Amino acid sequence: MTEKPIPKQPDTVACQVCLEEIPSSVAISQEADVYTQHFCGIECYALWKEKHKKEQLPEE
Ligand SMILES: [Zn+2]
């Protein structure tokens, strides 16, 4: 009952945008607030950044 498949990459994180699991060594990391966000690639990072910017920036 304790047998589990050994993951190829034990140290994985989930992409904040598409939720794909990726090795933390290749993830793009961005510290936001108290959490560190992870992204599978620059495209997801750009998407999140755009959305986050709109949500967080106060209007001037
Ligand atoms: Zn992604």
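Computed from the coordinates by the stated procedures, all read-outs in this text should not be read as laboratory data. Just so you know, these numbers come straight off a predicted model, no measurement behind them. Note that each Cβ is placed from the backbone with ideal geometry, even for glycine, and that neighbours are counted across all protein chains shown.
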How about the stretch 1-17: which of its residues are within 14 Å of the ligand (Cβ to nearest atom) and assigned to a loop (DSSP other than H, G, I, E, B)? Cys15, Gln16, Val17
Across the stretch 18-43, the tally of residues that are more than 13 Å from the ligand (Cβ to nearest atom) and aliphatic (A, V, I, L, M) stands at 2
Would you check which residues across the stretch 18-41 are assigned to a loop (DSSP other than H, G, I, E, B), within 24 Å of Lys51 (Cα to Cα) and hydroxyl-bearing (Ser, Thr, Tyr) and list them? Ser24
Of the residues that sit in the stretch 22-49 and are among the hydrophobic types (A, V, I, L, M, F, W, C), without any contact (Cβ under 8 Å) to a residue 24 or more places away in the chain and under 18 Å from Asp11 (Cβ atoms), which one is surrounded by the most Cβ atoms within 10 Å (Cβ to Cβ)? Ala27
